[in-house]
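Written out below as structure tokens is the structure these notes cover.
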Amino acid sequence: MLSALQTPRSLSRFPLLHSPKPFLFHSSSTCRFSSRPLPYYASLTDQSTPTSTSPPQSQIVNTRHALLSGRVTATELAESYLNRLRLTEPHLKSFLHVSDSVLREAQEVDRKIAGNEAVGPFAGVLVGVKDNLCTADMPSTGGSRILEGYRPPFDATAVKRVKDLGGIVIGKTNMDEFGMGSTTEDSAFQVTSNPWDVSRVPGGSSGGSAAAVSAKQCMVSLGSDTGGSVRQPASFCGVVGLKPTYGRVSRFGLMAYASSLDVVGCFGSSVADAGILLHAIAGQDRFDATTSKQDVPNFIPHFAPVSSLESKPLKGLRIGLIRETLEDGVDTGVVSAIRAAALHFEELGCSVNEVSLPSFSLGLPAYYILASSESSSNLSRYDGVRYGNQVFADELNSLYGDSRAEGFGSEVKMRILMGTYALSAGYYDAYYKRAQQVRTIIRNSFKEALNQNDILISPAAPSPAYKIGEKKNDPLAMYAGDIMTVNVNLAGLPALVLPCGFVEGGTAGLPIGLQMIGAAFNEGELLRVGHIFEQTLEDCRFVPPIIADNVPC
């Protein structure tokens, strides 16, 4: 646990690969863009030293190159991250559990490298895992008291694939209970803070995973996205968040919330890291019948050096800006940042047009009916007999009721009640069936829009991160914040969120995320375009003030 970690003498006891000067911050509503290619590393295996003005680099590739060249050992790297985690965790509370085997696993990597043994591409890479993904060697609670202390006998497929490639799971990250929330305030154990301003929420439900990557407590992390739970926290915390196509990544070992919407997603500090992590965990799995048989392409060629590109590297790309996402209810600073991003796409050679999705506003009520209905079914297994901690009672019905009453939090109980009501006799046609019909309309509207455009863009959230407690007692206001993301889950499409600017707030501004939506199984194009956009973003270093003076990009 955290208390077992030795207190370090300084935050930067071991510099991460390089030690440039602290990064510059800009609190304006937009960043400065450049259509001129910026200096970048010569290739994905030949990195140059980053500076305070260089774009984000791949931590995964940097780590491998540094380990194999002998510039750093896996043990030193792990100690550095654990030290930073120990110093920042009292302020952030990103993790529910920290692995006690991190240094042991890092030492094994060093032993293999010293003996000229082959190591996997994720050797030495420290990965955070959302607590609703099963891990055999540490607790997996889903952020709920009903599973407190539960240790699964197996790893989720996504976790296993990362470990098989040499990745080191540094710990389990905090989350809203069973993924039901948008702030991580609904965790049964603790409230996570935003690294940009610890008085604000990190988003949810994967707030712990996003905050951990933002604060450099781990290199990359896994989350889950049912209605925006990867993308909204990525926007709030200024990191890259990738929601794959439904079926691209196995859900085996993911605690089910809404099975037709749940997707395992990726967080990274660069588009390249998110794409490399997706490639590691994607692909068909015999334990999940919903996984696609489609081959997983190699995304590495999409992260080519920007210096080798033409001045208009995205010439001919058609981008549709969703009009309904910039209307009433969206902060003016968010609108300004997204419109500036659209102009930059034009500078890169894209044609940008506003597109209308009249069904867009229908997604939110349809989502909450469908997700709540599926959750009322999925969570019926937690009864104190089949799964979950048991409360003693004299008879069975009381055991069921008391175990669930004490084990579930208020938000989970409310959604179970809503879902059970929507599925009940006499109301099924009026609610659940109609929501499914709306889902078909939304899917068709996206298909039509993507026939006319290569990529659709929108904000990832209607506002920047708000204060802890601000919307805790106003669930409708909190639900409304999901308007930008839920439609993508209903349609089963991939989406990439990356930081594109700042608005005023905190001591260094608050990050704003740009959402890019693509056709099914077209994550490669999103990653290619996102990489170029990211690498041509000037004067915006998305490193939060809590670590700004100690950590390079």
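Quick notes on this structure:
- When Ser206, Ser260 are screened for being at negative phi and surrounded by fewer than 24 Cβ atoms within 10 Å (Cβ to Cβ), only Ser260 passes.
- Extreme residue, least open to solvent (accessible area, probe 1.4 Å), among residues of the stretch 415-469 that are touching an Asp or Glu at 6+ places or on another chain (Cβ under 9 Å) and over 30 Å from Ala342 (Cα atoms): Gly419
- Flag for Val249 being within 30 Å of Ser376 (Cα to Cα) and touching a Cys at 6+ places or on another chain (Cβ under 8 Å): no
- Residue check for Gly501: over 30 Å from Gly283 (Cα atoms), out of contact with any helix residue (DSSP H, G or I) (no Cβ under 9 Å at 6 or more places or on another chain) and surrounded by 23 or more Cβ atoms within 10 Å (Cβ to Cβ): no
- In the stretch 163-181, the count of residues that are of a type outside the set (Val, Ile, Thr), free of Cβ contacts under 8 Å to residues at least 40 places away in the same chain and either surrounded by fewer than 24 Cβ atoms within 10 Å (Cβ to Cβ) or on the phi > 0 side of the Ramachandran plot (or both) is one or more.
- Hits in the stretch 400-414 - residues which are surrounded by fewer than 18 Cβ atoms within 10 Å (Cβ to Cβ) and among the hydrophobic types (A, V, I, L, M, F, W, C): Ala405, Met414
- Pick from the stretch 520-540, criterion charged (D, E, K, R) and open to solvent by 10 Å² or more (accessible area, probe 1.4 Å), ranking: modelled with the lowest pLDDT: Asp539
- For Glu117, the conditions (1) over 29 Å from Thr183 (Cβ atoms); (2) in contact with a Pro (Cβ under 7 Å, 6 or more places away or on another chain); (3) of a type in the set (D, E, K, R) are fulfilled apart from (2).
- Total residues in the stretch 182-223, condition under 26 Å from Gly492 (Cα atoms), out of contact with any Asp or Glu (no Cβ under 6 Å at 6 or more places or on another chain) and part of a strand (DSSP E or B): 3
- Verdict on Ile338 being over 30 Å from Met255 (Cα atoms), of a type in the set (A, V, I, L, M) and in contact with a Ser or Thr (Cβ under 6 Å, 6 or more places away or on another chain): no
- Some residue of the stretch 533-550 being among the small types (Gly, Ala, Ser) and either more than 19 Å from the chain's Cα centre (by Cα) or on the phi > 0 side of the Ramachandran plot (or both): yes
- Residues of the stretch 263-281 satisfying the condition of being open to solvent by 10 Å² or more (accessible area, probe 1.4 Å) and part of a loop (DSSP other than H, G, I, E, B): Ser269
- Residue count, the stretch 141-168 (criterion: touching a Leu at 6+ places or on another chain (Cβ under 7 Å) and closer than 23 Å to Ala215 by Cβ): 4
- If the condition is being in a loop (DSSP other than H, G, I, E, B) and more than 24 Å from the chain's Cα centre (by Cα), then the stretch 294-314 contributes Pro305, Leu309, Glu310, Ser311, Lys312, Pro313, Leu314.
- Of all residues in the stretch 246-260, those that are part of a loop (DSSP other than H, G, I, E, B) and over 21 Å from Leu526 (Cα atoms) total 9.
- The conditions of being open to solvent by less than 10 Å² (accessible area, probe 1.4 Å) and more than 21 Å from Lys243 (Cβ to Cβ) are not met by Gln190.
- Subset of the stretch 230-245 [of a type in the set (Ser, Thr, Tyr) and either assigned to a strand (DSSP E or B) or crowded, with 24+ Cβ neighbours inside 10 Å (or both)]: Ser235
- Close contacts from the stretch 388-414, counting a first residue that is of a type in the set (A, V, I, L, M) and a second that is open to solvent by less than 90 Å² (accessible area, probe 1.4 Å) and part of a loop (DSSP other than H, G, I, E, B), with Cβ to Cβ under 6 Å and a gap of 6+ residues or different chains, come to Leu399/Gly384; Leu399/Ala393; Val412/Met180.
- Hey, Gly384 within 27 Å of Leu261 (Cα to Cα), buried (at least 16 other Cβ atoms within 10 Å of the Cβ) and in contact with a strand residue (DSSP E or B) (Cβ under 8 Å, 6 or more places away or on another chain) or not: no
- Contacts under 8 angstrom Cβ, first residue in the stretch 315-336 being in a helix (DSSP H, G or I), partner acidic (Asp, Glu), 6 or more apart: Arg323/Glu354; Gly333/Glu504
- Matching residues, the stretch 322-359, being among the small types (Gly, Ala, Ser) and either crowded, with 16+ Cβ neighbours inside 10 Å or within 20 Å of Ser463 (Cα to Cα) (or both): Gly329, Gly333, Ser336, Ala337, Ala340, Ala341, Ala342, Gly349, Ser359
- Some residue of the stretch 472-490 being closer than 19 Å to Leu278 by Cα, open to solvent by less than 40 Å² (accessible area, probe 1.4 Å) and modelled with pLDDT of 95 or more: yes
The values are calculated or read from the model by the stated rules, or taken from the named source; none is laboratory data. Because the structure is predicted, anything quoted here is derived from the model rather than measured. Using ideal geometry, Cβ is built from the backbone for each residue, glycine included, and neighbour counts are taken over all protein chains shown. Areas reflect the complete protein model, heavy atoms only, side chains present, ligands, DNA and RNA absent. Shrake-Rupley method; radii C 1.70, N 1.55, O 1.52, S 1.80 Å.
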